[in-house]
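Beneath this line is the structure, given in structure tokens, with notes to follow.
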Amino acid sequence: MENVKPRRRMRWIMIVACLLVSLFCLVYPIYVIRPFRHQGVTELSVALAVLRFRPMVTAVCVVLAIAVAIRSWRDGSGRRLWRRVGAVAGVVAVTAFAALFRVNVYEAMFHPLGAPAFESAGESKLDKDEKVIAIEVNGAARAYPIRGMSYHHIVNDWVGGVPVAATY
């Protein structure tokens, strides 16, 4: 009985460690590489390293969490229902974090701006120092304010009968 408690505790520590590592691999790059925020050299290097090794690390975490849960279930140390539910919940969470890193949140955030609205330069309320992307095609001109594009980074439009994609 004396050996069971340390083994049980070690298994819980391993599942929680897998959970924390998977969560870190998911959240840290998103936190560091987010728009409109300065990234330091060191933190960006760490975030890029996490992105590089994240598939392998999270796969190891998933396999380890599953192995620990199966082991505790089989040897009877998880006879209590709450322990079994906790182990399964931990495995599900580790697996969910590992799967979620495949989602590109920046694609969801920065979708193209379609059907932009325009007004003449005289009616515009733009600041005189406002930066714009200007284009002229077949005698038709457009100006896309950078500030307005900052959340989309791309505008799909038709200028002078030609489809264009203005981006920066």
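The values are calculated or read from the model by the stated rules, or taken from the named source; none is laboratory data. This structure is a prediction, so every number in the text was calculated from the model and none was measured. Counting neighbours? That spans all protein chains shown, and the Cβs are built from the backbone with ideal geometry, glycine included.
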All positions within region 99-156 that are in a helix (DSSP H, G or I), touching a residue at least 24 places away in the same chain (Cβ under 8 Å), of a type outside the set (S, T, Y) and within 30 Å of A59 (Cα to Cα):
L100, V105, M109
Restricting attention to region 62-76, does a residue exist that is buried (at least 17 other Cβ atoms within 10 Å of the Cβ), in contact with a Ser or Thr (Cβ under 6 Å, 6 or more places away or on another chain) and not in a helix (DSSP H, G or I)?
no
Looking for something under 15 Å from the mean Cα position of the chain (by Cα), in contact (Cβ under 8 Å) with a residue 40 or more places away in the chain, within 20 Å of Y106 (Cβ to Cβ) and surrounded by 12 or more Cβ atoms within 10 Å (Cβ to Cβ) - is there at least one such residue anywhere in region 38-52?
no
Per the filter on region 148-168, residues within 22 Å of P35 (Cβ to Cβ) and surrounded by fewer than 12 Cβ atoms within 10 Å (Cβ to Cβ) are A165, Y168
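Look through V27, V21, V94, V88 and report the one residue that is in a helix (DSSP H, G or I), modelled with pLDDT of 95 or more and surrounded by 13 or more Cβ atoms within 10 Å (Cβ to Cβ).
Numbers: V27 fails: modelled with pLDDT of 95 or more; V94 fails: modelled with pLDDT of 95 or more; V88 fails: modelled with pLDDT of 95 or more.
Going through V27, V21, V94, V88 in turn, just one is in a helix (DSSP H, G or I), modelled with pLDDT of 95 or more and surrounded by 13 or more Cβ atoms within 10 Å (Cβ to Cβ): V21.
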